[in-house]
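The structure under discussion appears below in the form of structure tokens.
The values are calculated or read from the model by the stated rules, or taken from the named source; none is laboratory data. Here the structure is a predicted model, which is why all the values come from computation and not from measurement. So basically every Cβ, Gly included, is an ideal-geometry build from the backbone, and we count neighbours across all protein chains shown.
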Amino acid sequence: MRSTGKNIRLTIDNSIINYDDEGAENAPAIIFIHGFPLNKSMWDMQMEALKDTYRVIAYDIRGHGNSDAGDAKFSIDLFVNDLLCLIDVLELDNTILCGLSMGGYIALRAVENYPELFDALILSDTQCMADTPEGKVKRLSAIESIKKNGVEKYADESIRNLFATESFTTRIKEVAAVKNMIVKTSQESLINTLHALANREGTCDKLQDIKMPVLITVGSEDKITPASAAQMMKEGIANSFLKVVAHAGHLANLENPSVFNHHLRKFLFRFSKKQFPLPLKPTITVN
């Protein structure tokens with residue numbers, strides 16, 4: 001029997017996974033996978049925008065938000081296994097995946113290995129490449145900084161890269177919320193996830209095998225996974241669409257939600273069997 005609402009608890013491999021499940025029972029299901037070092041609440045505006053038409057699910061990756069870390073060594077493959085267990089327990093068929101940053105890494109790996117489970121894919125501010133040697137050094141430096149200076153200082157350093165410059169004056173509430181998400185993540189989970197990200201394998205050589213519809217979005221000022229990384233994925237996936245979200249950095253769904261949601265709903269309208277009216281044209285120009 002389906003449980004609906006916020007902060008539902010599910011045990012997977014002796015670890016508690018916390019998730020939200022809202023929307024119509026028989027509607028197409030969309031699973032939102034958050035970025036690092038955030039939690040499922042980053043998708044609240046998208047959940048609210050789509051729940052009248054879709055079944056919308058967002059969950060906390062283990063060690064983040066209200067999900068336990070468990071005892072297993074963190075890796076992208078472990079995170080994929082958690083996702084597959086969630087899909088299995090909820091008895092979902094033909095799911096749509098939407099992942100941002102780390103969530104995109106998880107979504108790409110899941111689609112690569114289990115394409116039959118998914119109808120469509122949305123990749124936001126993410127990339128298919130593994131960390132470069134320089135990128136791995138930055139991850140290790142971040143780990144040392146967390147150990148030496150604590151989580152709050154790491155949070156302050158992180159948000160400088162996560163947001164576009166103008167967001168610090170136009171999205172003050174969102175900036176504060178993201179910092180709070182980071183500060184509430186344990187030092188151990190931050191460090192273990194950074195190791196998992198540094199050691200992940202790339203998925204670029206598998207892009208050509210993706211046959212489902214794919215929407216790729218990227219903030220126009222994303223410094224972490226820039227438009228060039230999004231364009232690379234667009235060129236590798238035959239049935240894909242790329243949309244650049246203006247006035248946004250790495251967290252396009254939070255920094256410019258009206259435009260992000262417009263692209264999201266337009267894409268879903270095109271490929272979903274369930275038809276619904278498009279939203280009003282956003283006040284900000286769609287790029």
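A few points about this structure:
- Filter result for Ile172 (without any contact (Cβ under 8 Å) to a residue 24 or more places away in the chain, surrounded by fewer than 21 Cβ atoms within 10 Å (Cβ to Cβ), more than 15 Å from His250 (Cβ to Cβ) and not acidic (Asp, Glu)): yes
- Residue ID - nearest to the chain's Cα centre (by Cα), chosen from residues in segment 21-61 that are part of a helix (DSSP H, G or I) and over 26 Å from Ala196 (Cβ atoms): Met45
- In segment 81-104, the residues that are buried (at least 20 other Cβ atoms within 10 Å of the Cβ) and under 16 Å from Asn14 (Cα atoms): Asp82, Leu83
- Which listed residue, of Gly23, Gly35, is modelled with pLDDT of 95 or more and on the phi > 0 side of the Ramachandran plot: Gly23
- Residue in segment 248-259 that is outside any helix (DSSP H, G or I), of a type in the set (Gly, Ala, Ser) and more than 25 Å from Val56 (Cα to Cα) present: no
- Matching helices (runs of 4 or more DSSP H) fully within segment 82-164 where at least 1 residues are on the phi < 0 side of the Ramachandran plot and among the aromatic types (Phe, Trp, Tyr): 102-113, 151-162
- Residues of segment 15-25 classified as surrounded by 18 or more Cβ atoms within 10 Å (Cβ to Cβ) and free of Cβ contacts under 8 Å to residues at least 40 places away in the same chain, total: 2
- Out of Glu157, Glu166, sole residue that is closer than 16 Å to Leu38 by Cα and not β-branched (Val, Ile, Thr): Glu157
- The residue pairs whose first member lies in segment 209-237 and is in a loop (DSSP other than H, G, I, E, B), whose second member is of a type in the set (Gly, Ala, Ser), and whose beta carbons are closer than 6 Å, counting only pairs six or more residues apart or on different chains, are Met212/Ala120; Pro213/Ala120; Ser220/Ala246; Glu221/Ala164; Glu221/Gly249; Asp222/Gly249.
- In segment 26-38, the residues that are surrounded by fewer than 24 Cβ atoms within 10 Å (Cβ to Cβ) and in contact with a helix residue (DSSP H, G or I) (Cβ under 7 Å, 6 or more places away or on another chain): Phe36
- Subset of segment 169-207 (residues that are under 27 Å from Arg109 (Cα atoms), out of contact with any Ser or Thr (no Cβ under 9 Å at 6 or more places or on another chain) and of a type in the set (Gly, Ala, Ser)): Ser186, Ser189, Ala198, Gly202
- Test: residue in segment 82-98 that is more than 26 Å from Leu215 (Cβ to Cβ) and touching a strand residue (DSSP E or B) at 6+ places or on another chain (Cβ under 8 Å): yes
- Just one of the listed residues (Glu235, Glu255, Glu221) is at pLDDT 95 or above and either of a type in the set (Val, Ile, Thr) or closer than 18 Å to Cys98 by Cβ (or both), namely Glu255.
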